[in-house]
Structures are given as structure tokens and as C-alpha cells.
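Novice: For reference, the structure I am asking about is given below.
Rule-based calculations on the coordinates, nothing more; no lab input. A quick note: this is a predicted structure, and the numbers were derived from the prediction, not measured. Cβ sites come from the backbone with ideal geometry, for glycine too, and all protein chains shown count toward neighbours.
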Amino acid sequence: MKNLCLLVEDQPKTQEFLIKAMNQVFPETQVFACAYLKDAQAWLNQLANSDRKDLFKVALIDLGLPDGSGIQLVKKLREQFPQVLSVVVTIYHDDAHLFDALSAGASGYILKDENVEMVAEILKRIQYGEPPLSPSIAHRLISHFRTPEAAKNKDVDLTARETETLALLAKGFTVAEAAGKMGLSAQTVAGYVKIIYQKLHISSRAEATREAILRGLA
């Protein structure tokens, strides 16, 4: 039986070129394409109860979908199908979307402005255990981890609770969800977040995720 790939993309032309790229690189893979999160989730639920679930290898996921964010699906895959490689394919190249996707469990990040040949070339890296990243995204990640501020922040001490809070933020949990996990009030955890931001001289979740990765927390 063929391996399986889930493609979640609402633009027909983009669906077509992504299927073409997948077929070029993995001709032995069957692609299930859909435009809505609800259809992807229904397919996953059906697959979870079948004898083909171990054949599910790759998911290509758009972030901006008609019925929600692809981030939700990335998280679901990390929890229910940890063996699947989740690759975000999107128009968004900013830090917030990039780090949110990575912290949710994405193993790759490809920009839609790449042509079919480039996307196929990026997807080939999966065969060699390499993360499928658009060149500009790879450069962005490298530049983030090379900044003097990031290096300096690695030496900043956080308390055990602050470290736990940072790790949960990097995994995509909201303050309220993190509070529930930690058995604390949302107000207390919000206070930890404020202290973390002050100590590390950061001001966004994307920067917090970067710091968590640097500390081996995500």
C-alpha cells in the first residue's frame, strides 16, 4: 500500500502545484487534499481507526484556512500522530507565524512564493532527515540564534516556575491554559510572564519561543 500525505489548502491552484511537487519527490505517496480543517479532522479521525494509520507520513498545512488556523491541526497531529512530519506551507514569513508554527510542532516551513521545482527540492530533504525549510526561513532562523541578545539571554537565570511557564508558552499554551497545567491562577502565571519578558528583554511570544528553544525547553 502507498504511504499517505494530508494536504490542507483552500486555493485550488496551490493545491494543484503542491500535489505536483509531492508526486515529483514521493511518487509512491497518495495525497488526500482538502480545503477545510473540518474535512482534515474527519479524515484523521477515520484514519486513526484504520489499519493504514502507520502509512501516514507527511502533512502539508496552510495556516490561513476558511474555518480556522492550521496551527490547530499541527497541534492535533503532534498529539495524535507523532510520527507524522507536519510541514507548514504559507504566505506568512513573519516571526510570529513562524515561531508559533514551530512551537506547535511543525517540522518544516515553506513559503508559497516558491515555484514547484523549488518546493520539490525542499521536500526532498525529508528523505535525508533534514527539515524542509524555504531558504529565506532558514536564514531567518539562523539570524535569530546568532544575535548577541539571544546569546546573552542564555546566561540569564530563571526560577523553576519561570522556566516552566516559558516552556508552556513555547508549546503554544495560553496564559490561562498554562495556569491550569501548573495548578496556579491565571493572574499568577501572567505575573511570571511579565517577569520573564523583563529578564530576557523580550516583548512577544515569538521571542519567548526563540528563548525557549535556545534553552532546550521546546
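Novice: For the stretch 94-109, name all the residues that are among the charged types (D, E, K, R), surrounded by fewer than 19 Cβ atoms within 10 Å (Cβ to Cβ) and not in a loop (DSSP other than H, G, I, E, B).
Specialist: ASP95
Novice: Do you know which of the residues in the stretch 196-212 that are in a helix (DSSP H, G or I) and hydrophobic (A, V, I, L, M, F, W, C) is nearest to the chain's Cα centre (by Cα)?
Specialist: Selected residue: ALA206.
Novice: Also, quick follow-up: Would you say THR159 is polar (S, T, N, Q), surrounded by 14 or more Cβ atoms within 10 Å (Cβ to Cβ) and over 20 Å from GLY105 (Cβ atoms)?
Specialist: Working: polar (S, T, N, Q): yes; surrounded by 14 or more Cβ atoms within 10 Å (Cβ to Cβ): no; over 20 Å from GLY105 (Cβ atoms): yes.
So THR159 fails the test.
Novice: Counting only residues that are farther than 18 Å from GLY129 by Cβ and touching a residue at least 60 places away in the same chain (Cβ under 8 Å), which one in the stretch 53-83 is surrounded by the fewest Cβ atoms within 10 Å (Cβ to Cβ)?
Specialist: Here the residue is LYS75.
Novice: Determine which member of the set ALA48, ALA40, ALA35 is buried (at least 20 other Cβ atoms within 10 Å of the Cβ), more than 23 Å from HIS139 (Cβ to Cβ) and either touching a helix residue (DSSP H, G or I) at 6+ places or on another chain (Cβ under 8 Å) or not aliphatic (A, V, I, L, M) (or both).
Specialist: The unique qualifying residue is ALA40.
Novice: Do we have any residue at all in the stretch 110-117 that's part of a strand (DSSP E or B), more than 12 Å from the chain's Cα centre (by Cα) and either surrounded by 18 or more Cβ atoms within 10 Å (Cβ to Cβ) or not hydrophobic (A, V, I, L, M, F, W, C) (or both)?
Specialist: Yes - at least one qualifying residue is present in the stretch 110-117.
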